[in-house]
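Below you'll find the structure, written out as structure tokens, and then a few comments.
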Amino acid sequence: MVPSSPWHAALRRLDGFKHPMLLSEQNTDVGEMYGEMLVEIGEMHDSLFPLLTEHFGDVFPAEHFTVDKFLWASGIVEAFRVIVPPRCTSGDCEVEGICLI
């Protein structure tokens, strides 16, 4: 049984979520960007795992941190992120983004 969490219901609704790039991968204009994105996400995943699962397996169990699940989580962050410009006195100032979930 899944532990009780205030986020459980929201995450359940996102089970079938597809990364925005996966939805448009058949578009040839998106194909190259999609490939680059997959490589970047794969490299990010490989830089974190299996190191975290080996050293902190109780917190980062390997079965929960697969490349597919990492891609899914990346899509959630990308789809629900908001750019928040801070107040700046000069130059371009921008917060990379926040995830609304």
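The values are calculated or read from the model by the stated rules, or taken from the named source; none is laboratory data. Everything numeric here is computed off the predicted structure, so don't read it as measured data. All Cβ positions, even for glycine, are placed from backbone atoms using ideal geometry, and neighbour counts span all protein chains on display. Protein only, heavy atoms only, side chains kept; ligands, DNA and RNA dropped before computing areas. Shrake-Rupley method; radii C 1.70, N 1.55, O 1.52, S 1.80 Å.
Ranked by the mean number of other Cβ atoms within 10 Å of their residues, highest first, the peptides 8-15, 50-57, 33-40 fall in the order 33-40, 50-57, 8-15. Of the solvent-accessible surface of the range 35-76, computed with a 1.4 Å probe over protein heavy atoms with every protein chain present, carbon and sulfur atoms account for 65 percent. Counting only the backbone N, which residues of the range 33-52 are under 20 Å from the spot 7 Å out from the Cα of Thr66 toward its beta-carbon? Only 38-52 fall inside the zone, counting backbone N under 20 Å.
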